[in-house]
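Here the structure comes first, spelled out in structure tokens, and everything after it is commentary.
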Amino acid sequence: MQILDTGTARIHYRVDGPAEGAPVVFANSLGTDMRLWDPILPMLPEGLRIIRWDKRGHGLSSVPSGPYSMGSLISDCEKLLDHLEVRDCVFVGLSIGGMIAQGLAAKRLDLIRAMVLSNTGAKIGTKAMWDERIAGVREGGIEQLADAVMERWFSKSFLAKPELELWRNMLVQQADDGYAGCSAAISGTDFFSTTSALRLPCLGIAGDEDGSTPPDMVRETAELIPGAKFHLIRPAGHLPCVEQPEEFASVLSDFLKSVGHI
């Protein structure tokens, strides 16, 4: 395990693959840690330099006092990539991870040559919705919200599978303060203008049964960037890399080839 002190948080990160490999950075969703990507990694082309981290308040990273800003989450990632001397990566962000991707690309385009926006938006939800979610966590912890979150995260068919318990357990084991802190960051973010100004290869990926970021939201966000591609995975909810890892890995691999990253 490796830890980077960014000055305001201690970030747990992991790097797999050869140091000279083409860098691919993965940013996971609210309520998950870097293990979110475990199902797809064995299916990706060999030789990539895979970089993952737990955002502040999640996994094995520290839990600073909240609320968090999207700027602080982006800064954590920026400092990590500078620490690792990463340039021209392909950045794969899911949900809040996709918001971090958009913000980082607007701030430091030297770090990112192409990005995948999976199950995300330039703006997600409303302030009232997030205020209610944060209040629920403050009142009864993530456990109180867990069943409703599972219904938004997964397709009807996956909800009946025993593997669901693994992802529910991952959710409830995150820090309440970290979940609430990152919820506040999402609530305060609107990237429509900044994302519209981006010019880089982009792929949008959506799940047809996503109750958090519906396919139209993902498509509209990706299409803010001229020339963006879009792929719908079915059946899948908010985490298609979990439900349909083979298809997700195949689509990602094709995108990596199309931008000359492998």
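The values are calculated or read from the model by the stated rules, or taken from the named source; none is laboratory data. From a predicted model like this one, the values you see are computed outputs, not experimental measurements. We place every Cβ from the backbone using ideal geometry, glycine too, and count neighbours over all the protein chains shown.
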Checklist entry - Only one residue in P42, P64 is over 20 Å from Q102 (Cα atoms) and in a helix (DSSP H, G or I). Which one? => result P42
Item to check | the range 119-162, residues that are part of a loop (DSSP other than H, G, I, E, B), within 18 Å of the chain's Cα centre (by Cα) and buried (at least 19 other Cβ atoms within 10 Å of the Cβ) | outcome: N119, T120, G121, A122, I124, F154
Checklist entry - Any residue in the range 85-107 that is assigned to a loop (DSSP other than H, G, I, E, B), under 25 Å from A206 (Cα atoms) and not polar (S, T, N, Q)? => result yes
Item to check | Residues of the range 176-209 satisfying the condition of being closer than 30 Å to G140 by Cα, small (G, A, S) and surrounded by 19 or more Cβ atoms within 10 Å (Cβ to Cβ) | outcome: G178, A180, G181, S183, A184, A185, S187, G207
Item to check | Long-range neighbours under 6 Å by Cβ, at least six apart or interchain, first residue over 13 Å from L94 (Cα atoms) within the range 193-222, second among the basic types (K, R) and not in a helix (DSSP H, G or I) | outcome: D208/R234
Checklist entry - Looking at E220, is it out of contact with any Lys or Arg (no Cβ under 9 Å at 6 or more places or on another chain) and acidic (D, E)? => result yes
Next on the checklist: Contact list please: Cβ distance under 9 Å, first residue in the range 229-258 and aromatic (F, W, Y), second residue at pLDDT below 95, pairs at least six apart or on different chains.
Outcome noted: F255/H261
Next on the checklist: If S212 meets every condition in (1) within 15 Å of the chain's Cα centre (by Cα); (2) buried (at least 24 other Cβ atoms within 10 Å of the Cβ) apart from one, which number is that one?
Outcome noted: (2)
Checklist outcome for this item: Condition set in contact with a helix residue (DSSP H, G or I) (Cβ under 9 Å, 6 or more places away or on another chain) and in a loop (DSSP other than H, G, I, E, B), scope the range 17-37, selection surrounded by the fewest Cβ atoms within 10 Å (Cβ to Cβ): answer is A22
Checklist entry - Residues in the range 61-76: is at least one under 21 Å from L203 (Cα atoms), of a type outside the set (D, E) and touching a residue at least 60 places away in the same chain (Cβ under 8 Å)? => result no
Item to check | For Y13: the one exception among (1) under 15 Å from the mean Cα position of the chain (by Cα); (2) over 18 Å from L111 (Cα atoms); (3) of a type in the set (S, T, Y) | outcome: (2)
Item to check | Single residue of the range 81-107 satisfying the filter (in contact (Cβ under 8 Å) with a residue 60 or more places away in the chain and over 26 Å from T221 (Cα atoms)) that is surrounded by the most Cβ atoms within 10 Å (Cβ to Cβ) | outcome: L84
